[in-house]
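Colleague: Sending over a structure as structure tokens; questions will come in a sec.
The values are calculated or read from the model by the stated rules, or taken from the named source; none is laboratory data. Quantities reported herein were computed from a predicted structural model and do not represent experimental measurements. Positions of Cβ are backbone-derived with ideal geometry, glycine not excepted, and every protein chain shown enters the neighbour counts.
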Amino acid sequence: MIQLEALTFAYGDGLPIFFDFNWQAQRGDSWAVLGPSGCGKTTLLYLLAGLQFPQSGRLLVDGQILSRPRPHTGLILQEYGLLPWATVHENALLGLRVRTFYGPDGKHAPQDFQPTNELDPWLERLGLDDVRHKYPGQISGGQRQRTAIARTLALKPDLLLMDEPFSSLDAPTREGLQKLMLELWIEQELTMVIVTHSIEEAAVLGRKILLLHTPPNKQAMVIDNPGSTEPGFRDTPTYLALVKKLRGYLEDR
């Protein structure tokens with residue numbers, strides 16, 4: 001579904017973040033992108049979202065060269081991206097309202113888009129029905145993040161990009177949302193790419209893990225993690241060994 005072919009990207013005249021970089025992700029994959037600060041994790045996410053563009057090489061999503069944000073891609077930000085003056089319901093509805101405004105133009109909304117209320121089931125599924133009339137300042141961080149998730153999934157994306165979505169949450173809330181995202185990834189048949197600083201989070205959410213290092217990134221280093229969706233994976237020797245392995249890779253870079 002995602003193909004990076006000899007991709008080079010730099011900010012201005014600076015050192016390239018990616019140089020002649022190749023990487024691909026198949027439809028239905030769950031990827032965690034891990035690496036030290038400044039290695040290009042968020043830059044990669046913005047390239048995949050169509051918010052940045054390479055100086056050379058090609059980036060294809062679903063067989064098409066990416067030249068602008070695509071309607072079937074969902075992006076969940078670290079700071080939720082909620083409007084403080086809008087209720088939970090209004091924030092979650094925002095994406096659908098924008099699509100309805102533009103109509104099925106193939107740019108801002110899919111060509112087969114039909115204005116319907118797809119939101120209420122998500123508010124119920126994500127435990128937000130009881131706070132739908134509250135404002136972001138009146139709810140917890142976990143509820144704010146679930147509002148952002150509801151807003152995105154109501155648009156029925158096939159590619160879900162997340163930029164450190166749980167980094168500011170306490171450990172129990174973070175683990176609960178990690179479990180929820182794995183359930184939704186399976187239920188919705190998503191292709192998922194999550195950027196994280198957390199080795200433990202990468203080991204839980206990524207069936208494949210892309211390790212980046214200090215720029216320029218010239219070669220994709222991929223760690224397979226097929227057991228991440230198994231029940232009780234966090235408590236297995238395989239999980240502990242993977243965390244140790246990933247920590248060793250990062251310490252060597």
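Colleague: Filter segment 183-229 down to the residues that are in a strand (DSSP E or B), touching a Leu at 6+ places or on another chain (Cβ under 8 Å) and not aliphatic (A, V, I, L, M) and list them by number. I'd like the intermediate steps shown before the answer.
Modeller: To start, the set of residues in segment 183-229 that are in a strand (DSSP E or B) comprises 191-196, 208-211, 217, 221-224.
Those still in the list that are touching a Leu at 6+ places or on another chain (Cβ under 8 Å) too: 191-196, 209-211, 221-223.
Correct list: 191, 196.
Colleague: Consider residue 134 carefully, then state whether it is under 16 Å from residue 157 (Cβ atoms) and part of a loop (DSSP other than H, G, I, E, B). Step through it out loud before you land on a result.
Modeller: Details: under 16 Å from residue 157 (Cβ atoms): no; part of a loop (DSSP other than H, G, I, E, B): yes.
So residue 134 fails the test.
Colleague: Could you tell me whether residue 61 is out of contact with any His (no Cβ under 6 Å at 6 or more places or on another chain), surrounded by 20 or more Cβ atoms within 10 Å (Cβ to Cβ) and in the same structural domain as residue 5 (by TED's automatic domain parsing)? Break it down stepwise before answering.
Modeller: Working: out of contact with any His (no Cβ under 6 Å at 6 or more places or on another chain): yes; surrounded by 20 or more Cβ atoms within 10 Å (Cβ to Cβ): yes; in the same structural domain as residue 5 (by TED's automatic domain parsing): yes.
When the stated conditions are applied, residue 61 passes them.
Colleague: Identify the residue in segment 32-50 that is part of a loop (DSSP other than H, G, I, E, B) and in contact (Cβ under 8 Å) with a residue 24 or more places away in the chain and, among all such residues, is surrounded by the fewest Cβ atoms within 10 Å (Cβ to Cβ). Explain how you work it out, then say what you get.
Modeller: We begin by selecting, within segment 32-50, every residue part of a loop (DSSP other than H, G, I, E, B); these are 35-40, 50.
Next cut, in contact (Cβ under 8 Å) with a residue 24 or more places away in the chain only: 35-40.
Working: 35: 24, 36: 13, 37: 8, 38: 12, 39: 20, 40: 23.
By that ranking, first place goes to 37.
Colleague: What are the residues in segment 80-116 that are part of a loop (DSSP other than H, G, I, E, B), of a type outside the set (Ser, Thr, Tyr), in contact (Cβ under 8 Å) with a residue 12 or more places away in the chain and out of contact with any strand residue (DSSP E or B) (no Cβ under 9 Å at 6 or more places or on another chain), if any?
Modeller: Residues satisfying the conditions are 82, 83, 84, 85, 86, 106, 107, 108, 109, 110, 113, 115.
Colleague: Here is a follow-up. Output the residues belonging to segment 1-31 that are part of a loop (DSSP other than H, G, I, E, B), among the aliphatic types (A, V, I, L, M) and modelled with pLDDT of 95 or more.
Modeller: Taking segment 1-31 as the starting set, the residues that turn out to be part of a loop (DSSP other than H, G, I, E, B) are 1, 10-17, 26-29.
Narrowing the set further to residues that are among the aliphatic types (A, V, I, L, M) leaves 1, 10, 15, 17.
Those that are part of a loop (DSSP other than H, G, I, E, B), among the aliphatic types (A, V, I, L, M) and modelled with pLDDT of 95 or more: 10, 17.
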